[in-house]
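Down below is the structure, laid out as structure tokens.
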Amino acid sequence: MTKMSFERLLLNLFQEDYNEGKRYGYISQLSIITTKSLIPMMNEEGVRIDYTRFLEEFKLWLNYRIGGNSSLLNTQGRVNPSLYWNDKDDSIISRIIPLVLANQRYEIIEEETIRNILFTSGNLQFLFETIAIVHLLYLVLRDEDNIIEKLKENIIGFSQTNYMDKYKKHYRIEIENYSGNFKVEFEREKIHLLNFLNGIINNRYLSLEDILKVLDKEESKTLIGKVLYDFLYDSNKEYNLPRFYINLGEYIISLRKSRIDPDKLKIKEYILPDIFNFNEGDVFFHSLLKEAKVIKKEVKDDTLTSLIQTKTGMYLFKR
């Protein structure tokens, strides 16, 4: 794969979001804050998410978000158990594409993907389907053959004991409070996925099913399917995107090639003033926005809004 090939996967995500009229809605926004939170490791070959930064970026995003879903909004305040265990977070694809592109080792991609899934959802069906999708993307980028067989091998080796040892602490709600039998349902979901990969259609993994059809050059219905279809079969596609989004693709490749000093990416002291404390015309520094200026501030329909100009663009904050 060439440098531009990798970039196109991320750019296709932004372009699809744009084409649907969302104008960089929450799908693209979460991809951006994930990318901004990536940092190369000093003690291993890989790029992981700096979760201190990610959480601060996410809290800031809640005030300027364009759209959202129940799983994302459930992260605010006390987590609703029913939503956490049952809902699926359709924004996860926007957060795993940067991880896949920035890393060459699958182990790191899978570990960081699972941590990111558990931040918004504990749904087991969603967990297994996303693991299969992220592995599929990894294999496609490496231009590997026998993808179905390799997906099955990975799921067969996906040990519940090892999983619990590594990820139990990352659940937002204690597994002991799970409404069913977690251990039994974990193994049952694993069997459902293996059956699906063996050709038994069960309507549980519609996004994965759609992506597999894309590999056979069929048109896609899902966002990730459309992104992958354009990546594989439309190499001459032109992007109607601001330069900032093009730069993100180039930045991801630089991370992958270990060309960025992690010390330059670390925020050593978080300066996070309340944006709504500033008035029109005020210029201020914010660790995540850098130098920013209040362009307009007003109260309308009981909502306080503040339009902020930064070097990367405009943000409309609401409270």
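Bear in mind that the values in this text are calculations on the coordinates, not laboratory data. Predicted, not measured: the structure shown is a model, and the values here were computed from it. Backbone-built Cβ (ideal geometry, glycine too); neighbour counts: all protein chains shown.
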Relative to the longest principal axis of the C-alpha atoms of the chain, give the angle of the C-alpha long axis of helix 106-120, reported between 0 and 90° and rounded to the nearest 10°. 60
What do you get for the angle between helix 124-141 and the principal long axis of the chain? Use alpha-carbon atoms, 0 to 90 degrees, nearest ten. 90
Could you tell me whether the chain comes out rounded, prolate or oblate from its Cα gyration tensor? Rule is a ≥ b ≥ c as square roots of the eigenvalues, rounded for a/c under 1.5, then prolate if a/b exceeds b/c, otherwise oblate. prolate
So what's the angle, to the nearest 10 degrees on a 0 to 90 scale, between helix 92-102 and the longest Cα principal axis of the chain? 90
Connecting C-alpha atoms closer than 10 Å in a GNM of the chain, tell me which of T130, T161, T35 has the biggest fluctuation. T161
So for the pair N198, E153, with labels modelled 7 Å out along Cα→Cβ, what separation do we get in nm? 1.9
HN-Hα J couplings of the stretch 259-267 from phi, Karplus 6.51/-1.76/1.60, θ = phi - 60°, integer Hz, Gly and Pro as x? 9, 10, 6, x, 4, 6, 9, 6, 8
Quick note on T52, T34, ordering by fewest other C-beta atoms within 10 Å, gives T52, T34
Grab the beta carbon distance between T303 and V79, set R0 = 22 Å, and tell me the FRET efficiency rounded to 0.05. 0.30
Please enumerate, by chain and number, the lysines with C-alpha under 22 Å from the C-alpha of K296, excluding those fewer than 8 residues away in the same chain. K59, K311, K318
Subtracting the Cα-Cα distance of N86 and T312 from 0.36 nm times their residue separation yields 77.7 nm
For the stretch 73-80, what does the Karplus curve 6.51 cos²θ - 1.76 cosθ + 1.60, with θ = phi - 60°, yield as ³J(HN,Hα) per residue in whole Hz, taken in order and with x for Gly and Pro? 6, 6, 6, 7, x, 6, 6, 7
The ³J(HN,Hα) series, computed from each phi in the stretch 163-176 with the Karplus coefficients 6.51, -1.76 and 1.60 at θ = phi - 60°, rounded to the nearest Hz and given as x for glycine or proline, is 4, 5, 4, 8, 10, 4, 5, 8, 5, 6, 10, 4, 4, 4
How much length is gained if the chain between N177 and I260 is pulled fully straight, taking 0.36 nm per residue apart and subtracting their Cα-Cα distance, in nm to one decimal? 25.6 nm
Residue pairs, from the table K36/K300; K169/K290; K150/K190; K152/K183; K221/K257, whose Cα atoms sit over 23 Å apart: K36/K300; K169/K290; K221/K257
Looking only at aspartates and glutamates whose Cα falls under 19 Å of K213's and that sit 8 or more positions away or on another chain, we get E16, E129, D143, E144, D145, E149, D230, D234
With a 10 Å cut-off between alpha carbons and a GNM built on the chain, which of L208, L136, L289 moves the most? L289
Name the residues whose placed amide hydrogens come within less than 5 Å of the amide hydrogen of L38, ignoring near sequence neighbours (fewer than 5 apart) on the same chain. D50
